[in-house]
Amino acid sequence: MSPDEFRRFADLFTEPSILVDGEGVVVAAASASADGFLPSVRSGTKLAELFDDAGGDLSDYLRRCGRSGQPTPGMLRWVDAAGERQSVRCSGSLVTPAKVPAERQLMLRLDLKQKQKENFRLLNLKIGELEQALRRREEAEEALRAERERLQVTLASIGDGVVVTDAEGRVTFLNSVAERLTGWSTAEARGLPLSDVFRIENEHSRATVESPVDRVLREGLIVGLANHTILVAKDGTERPIDDSAAPIRMRNCHLIGVVLVFRDVTDRKLIEEERREADRRKDEFLAMLAHELRNPLTPISNAINAWPFVKDDPIEMERLRETMSRQTQQMTRLIDDLLDVSRVSRGTVSLRLQRTDLRAVLSSAVETVRPLIESRRQSLTIEIREPCPTLQGDVVRLVQIFVNLLGNATKYTDPGGRISVTAEMEGTTAGARRAVVSVSDTGCGIAAEMLPHVFDMFAQADQSLDRAEGGLGIGLTLVKTLVELHNGTVEAHSAGLGAGSTFVVSLPAAEAAETPGTPLPSRSDARLPSLKVLVVDDLRPAAKTLALMLKGIGQETTVANDGPSALSALEKFAADIVLLDIGMPNMDGYEVCRRIRATFIEREAARPAVVALTGYGQEEDRRKAFNAGFDKHLVKPTSVDELRRLLLEVAARRGNGDEDQTERDGDG
């Protein structure tokens, strides 16, 4: 078959075909390389040069095709230009030329359809792999977007400012807090040097401070919290901050940026300043307390030392006694004020409400302060306008309010000055009437800057060493607290230094009652009975001096210095009253009281009145005493007048046969 005849014949088929002679040399080819897949087949080229004949496989195949009268399947293999191994199925048939029958030829028809199917299958696999890769990439991108959103939400929700920079210190991100504190948005700041956005100065020197980000970029280490730093925002606003920074690294430890965290510490600075101010005022108070306690102790000590030199002069001895009495009362008032401060700070001040006449309250307060006013030759005028208001309040606390105000007035008014008290009813509608009391003086006045702070704890206008008047700076704080506990108000007014001052107290008035107000207790002039008193105190000087006081006013006494001794003494000494200390070793006063009551449980009429005389004066201490069985609770030091009232009260009850009805109140 000639090449032309072969080509006309081969064109009837779609598959490429090759015509070779008996030696395997290409005679002709049709569409053999049309798709660029097969090697280039040219006439005269040996087939073994185009396709792999390793091991004679190709030659053996051609021989089998020449012997068989049927198409013989086979496989052609080769290496393409890219170095990849390729293969294609083929079918070989014997062709006998008509003109030269003895010259045999072979026609190889290549099955590219199968190869195309294989390629299509591989292509589908590749497409599937590509789709999977795309899906994984999309999932990774979605996870990255979600992670970025979570990070942004987290950074936006935390209370600290966060700024992220690249490895060159240029801003790439600010969270919402950082935007608010710096005044820069992320869009404005992105790409700018951090120093343009985050400008910081030293709090004290106002010098520019190195950013912690610069240190991280230079040293590659975490830079811890720094303070005493001021952040200057875009608009010039300044605020104190704490800041820190840390490097951002890839897995290979390559530094790619820095994260800066900072917070506004304005509130903390204010709290610290308030704490320092409170500490300063506390230290000043303690210094004043030491001074004020030494003031009465000095004349007491001097009087004791002078006593031997005047023992033969009754007049001088009486003067020394009066001096020690006054100074002891002053120390007692100081200690009482301190206890009241403690109650105020803990919110344990309780009121014993009763109806009382305002006139009686003011009279009692004036009676307490009058000796001081008279000693300073000051004039006092009192005007109570009718109708005189009636109050519903704690009588003792109401008196304390006006004692403090009057004491403050006389203390800060020069000798010869004037003090005035006015009281009146304001309002006419039931439930809206108020008792208004003004305490005015012609004293030193109050500076304008001090006026808002006169009711603050430990506040005093004069803190100098040579200040003329003493005091702890807590009296007006107690006034304000006690007034407010009565649902009232108190105000301070002054035109300035040297212009005097006025304090105005406004209290709710009680509705008018048909019966007169409750009178305040007053000192009794009744003749004292002679009673038997057992004094129990582990502090021997305290027990001995108290016994001497009682003997001096006509009482029979005996002393015990511990609980067991007191119980033994009662077996021989038929006491009418037991003055019992609480804080004693081994057996405290509570236990002694319980045992006394148990001893007389079947003969209550003979039981002595058990009175706590102790340094524990809080409201809780009173409750504990009454729960233990005490009939009365007195706070050390006691006075002769207080002892007289106690003796009269016990004598009256015994005389009336009311031994079982001992009064359990906190008076005294």
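The values are calculated or read from the model by the stated rules, or taken from the named source; none is laboratory data. Bear in mind the structure is a predicted one, so any value in this text is a computation, not a measurement. All Cβ positions, even for glycine, are placed from backbone atoms using ideal geometry, and neighbour counts span all protein chains on display.
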**Q.** Qualifying residues in the stretch 239-266 (those that are basic (Lys, Arg) and surrounded by fewer than 16 Cβ atoms within 10 Å (Cβ to Cβ)) - the one farthest from Ser195 (Cα to Cα)
**A.** Arg251
Q. Just a yes or no: is a residue in the stretch 466-477 surrounded by fewer than 22 Cβ atoms within 10 Å (Cβ to Cβ), farther than 19 Å from Ala509 by Cβ and modelled with pLDDT of 80 or more?
A. no
Q) For the subset of the stretch 605-635 comprising residues that are without any contact (Cβ under 8 Å) to a residue 40 or more places away in the chain and of a type in the set (Asp, Glu), which member is surrounded by the most Cβ atoms within 10 Å (Cβ to Cβ)? A) Asp631
Q: Quick one: in the stretch 14-59, of everything that is among the hydrophobic types (A, V, I, L, M, F, W, C), part of a loop (DSSP other than H, G, I, E, B) and more than 12 Å from Leu108 (Cα to Cα), which residue is modelled with the lowest pLDDT?
A: Ala34
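Can you give me the number of residues within the stretch 152-168 that are closer than 19 Å to Glu201 by Cβ and surrounded by fewer than 17 Cβ atoms within 10 Å (Cβ to Cβ)?
So the answer is 0.
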Q: Select, from Val171, Val177, the only residue that is in contact with an Asp or Glu (Cβ under 7 Å, 6 or more places away or on another chain) and at pLDDT 85 or above.
A: Val177
Q) Would you call Ile419 more than 23 Å from Glu484 (Cβ to Cβ) and assigned to a helix (DSSP H, G or I)? A) no
Q: Could you check how many residues of the stretch 166-187 are over 26 Å from Thr266 (Cα atoms) and either in a loop (DSSP other than H, G, I, E, B) or of a type outside the set (S, T, N, Q) (or both)?
A: 6
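Which of the residues that make up the stretch 180-214 are surrounded by 19 or more Cβ atoms within 10 Å (Cβ to Cβ) and not aliphatic (A, V, I, L, M)?
Thr182, Trp184, Phe198, Ser211, Pro212
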Q: Looking only at the stretch 495-512, count how many residues are over 16 Å from Cys388 (Cβ atoms) and more than 38 Å from the chain's Cα centre (by Cα).
A: 8
Q | Thr662 vs. criteria surrounded by 12 or more Cβ atoms within 10 Å (Cβ to Cβ), outside the structural domain of Met324 (by TED's automatic domain parsing), at pLDDT 80 or above and within 53 Å of the chain's Cα centre (by Cα) | A | no
Q) Within the stretch 565-623, can you find the residues that are at pLDDT below 90 and small (Gly, Ala, Ser)? A) Gly583, Ala605, Ala606, Gly615, Gly617
Q. If a residue has to be in a strand (DSSP E or B) and touching a residue at least 60 places away in the same chain (Cβ under 8 Å) to count, how many in the stretch 248-283 make the cut?
A. 11
(Q) Looking at the structure I just gave you, is Gly183 at pLDDT below 90, among the small types (Gly, Ala, Ser) and touching a Lys or Arg at 6+ places or on another chain (Cβ under 9 Å)? (A) no
Q) When you go through Ala146, Ala102 one by one, which is the residue that is at pLDDT below 90 and in a helix (DSSP H, G or I)? A) Ala146
(Q) Considering only the stretch 108-131, I want to know if a residue exists there that is surrounded by 13 or more Cβ atoms within 10 Å (Cβ to Cβ), within 38 Å of the chain's Cα centre (by Cα), hydrophobic (A, V, I, L, M, F, W, C) and not in a helix (DSSP H, G or I). (A) no
(Q) I'd like the full set of residues that are surrounded by fewer than 14 Cβ atoms within 10 Å (Cβ to Cβ) and of a type in the set (S, T, N, Q), limited to the stretch 586-604. (A) Asn586
Q. What single numbered condition from (1) surrounded by 12 or more Cβ atoms within 10 Å (Cβ to Cβ); (2) touching a residue at least 12 places away in the same chain (Cβ under 8 Å); (3) farther than 20 Å from Leu112 by Cα fails to hold for Arg63?
A. (2)
Q.
Taking the conditions exactly as written (surrounded by fewer than 16 Cβ atoms within 10 Å (Cβ to Cβ), in contact with a strand residue (DSSP E or B) (Cβ under 7 Å, 6 or more places away or on another chain), in a loop (DSSP other than H, G, I, E, B) and free of Cβ contacts under 8 Å to residues at least 24 places away in the same chain), does Gly236 satisfy them or not?
A. no
(Q) On the basis of being free of Cβ contacts under 8 Å to residues at least 40 places away in the same chain, of a type outside the set (A, V, I, L, M, F, W, C) and assigned to a helix (DSSP H, G or I), does Arg206 make the cut? (A) no
